[in-house]
Every structure is written in structure tokens, then in C-alpha cells.
Amino acid sequence: MDLWLIWLIIAAVLAVAEILTLTAALGMLSAAAVVTAGSAAVGLPAPFQFLVFAAVATVTVLFVRPIALRHLIQPQAARFGVDALVGKAAYVVSEVTGLGGRIRIDGEEWTARAYDETLVIPAGKTVDVIEISGATAIVYPRD
């Protein structure tokens, strides 16, 4: 069996292992094996193939992997769904207490509870949404 084919098999095995583990390290080693397969295909002797593999693997793991991980682990750019409602202002439609009430957030009516159970927030006041618990907004009056 030709050496370039062995290097391609190694690259494929490493690529499958990367897909299963998602570490980004095995993917870099797989890329190094592909480059080494190319060097074997052009007739580079086996000892130099190992040097090519070591050099490419070192460069990719030390320099390319951190960049790839930074792009994979980015904070979510925008909140959506009920998470987007947290921090918004709402209008009290019917009196809100620690037990219940109604508010309007962005034109939608929600059930609400006061963050502080001792508070009574009258209708017409503006409140801030502290959190969403199920279908109920937990609110605090705006001063």
C-alpha cells in the first residue's frame, strides 16, 4: 500500500474522531495528515513525511486551533424569545401584586407577579420585567 494512501486513511480516521469529539485538535491533526499525504504523493521519503506531519500539526494546533475555538465559542449576539423581554419596560393593565396581575409588553398582554411579594403596583404604572417564569412576567416598579 502506498504511503500517501495510509496518510489519507489516518486523516479520515482523525476527521471522524473530530466529528465525534468536537475538540478541534483532532481536526488539526487530520489536516496535517492530508498535507503529509500530499507530500508522500510527490515522493518525499518517509522520514521527511514525519517531519512534515510534525511541523504542520504543531503549527495548526498552536496557532489555528485557538482561532477556530474563538470563532466557535462566541457569545450570543442577540436575545430572542422570552429572553428578549427581560429588562424591557411594561405597562400595568390591572393591579399587580405578589399573587398576580396583568401587564402589556410590546403590545402583548402577560400575566405578572411583583418581584417583591409585599408590593402592590396599581394599573397605569410602568414596570421593568425582571424575569419570565413560564408564562408569567416577574416585574418591579419603575421609579
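Listing for the model above:
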{"quantity": "Estimated 222 nm signal from helices in the chain, with DSSP H stretches of n ≥ 4 weighted -39500 (n - 2.57), rounded to 500", "calculated": "-13000 deg cm²/dmol"}
{"quantity": "Counting all C-alpha pairs of the chain, share separated by more than 20 Å (%)", "calculated": "62"}
{"quantity": "VAL59 versus LYS125: modelled label distance in nm, points set 7 Å from Cα along the beta carbon direction", "calculated": "6.6"}
{"quantity": "Fraction of accessible area attributable to carbon and sulfur, segment 1-126 (%, probe 1.4 Å)", "calculated": "69"}
{"quantity": "Residue-normalised accessible area of the chain, given per residue in Å² at a 1.4 Å probe", "calculated": "63"}
{"quantity": "Heavy atoms of PHE50: accessible area, 1.4 Å probe, square angstrom to 10", "calculated": "130"}
{"quantity": "Those GluC sites (Glu not before Pro) in segment 1-110 that DSSP places in a loop and that have at most 14 other beta carbons within 10 Å", "calculated": "none"}
{"quantity": "Listed peptides 131-137, 35-41, 9-15 by packing density, highest first (mean Cβ within 10 Å)", "calculated": "35-41, 9-15, 131-137"}
{"quantity": "Cα-based shape type of segment 1-62, given that a ≥ b ≥ c are square roots of the gyration tensor eigenvalues and the cut on a/c is 1.5", "calculated": "oblate"}
{"quantity": "Stretchable slack from LEU5 to THR111, in nm (0.36 nm times residue separation minus alpha-carbon distance)", "calculated": "31.6 nm"}
{"quantity": "Rounded Å value of the spacing that divides the Cα centres of segment 75-103 and segment 11-27", "calculated": "43"}
{"quantity": "Inter-label distance for THR23 and PHE48, nm, one decimal - labels placed 7 Å from Cα along Cα-to-Cβ", "calculated": "3.1"}
{"quantity": "Using alpha-carbon coordinates, inclination of helix 3-21 to the longest axis of the chain, degrees", "calculated": "20"}
{"quantity": "Residue-wise HN-Hα coupling along segment 53-68, computed from phi with Karplus coefficients 6.51, -1.76, 1.60 (Hz; x: Gly, Pro)", "calculated": "4, 4, 5, 5, 5, 5, 5, 5, 5, 7, 10, 7, 4, x, 5, 4"}
{"quantity": "Label-point separation in nm, ASP143 to VAL16, each point 7 Å along Cα→Cβ", "calculated": "6.5"}
{"quantity": "Rounded tilt (10° steps) of 25-41 against the dominant C-alpha axis of the chain", "calculated": "30"}
{"quantity": "Amide hydrogen neighbours beyond the local backbone of GLU131, cut-off 5 Å, H modeled", "calculated": "ILE138"}
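The values are calculated or read from the model by the stated rules, or taken from the named source; none is laboratory data. These figures come from a predicted structure and were not determined experimentally. Positions of Cβ are backbone-derived with ideal geometry, glycine not excepted, and every protein chain shown enters the neighbour counts. SASA here: full protein model, heavy atoms, side chains in, ligands and nucleic acids out. Shrake-Rupley method; radii C 1.70, N 1.55, O 1.52, S 1.80 Å.
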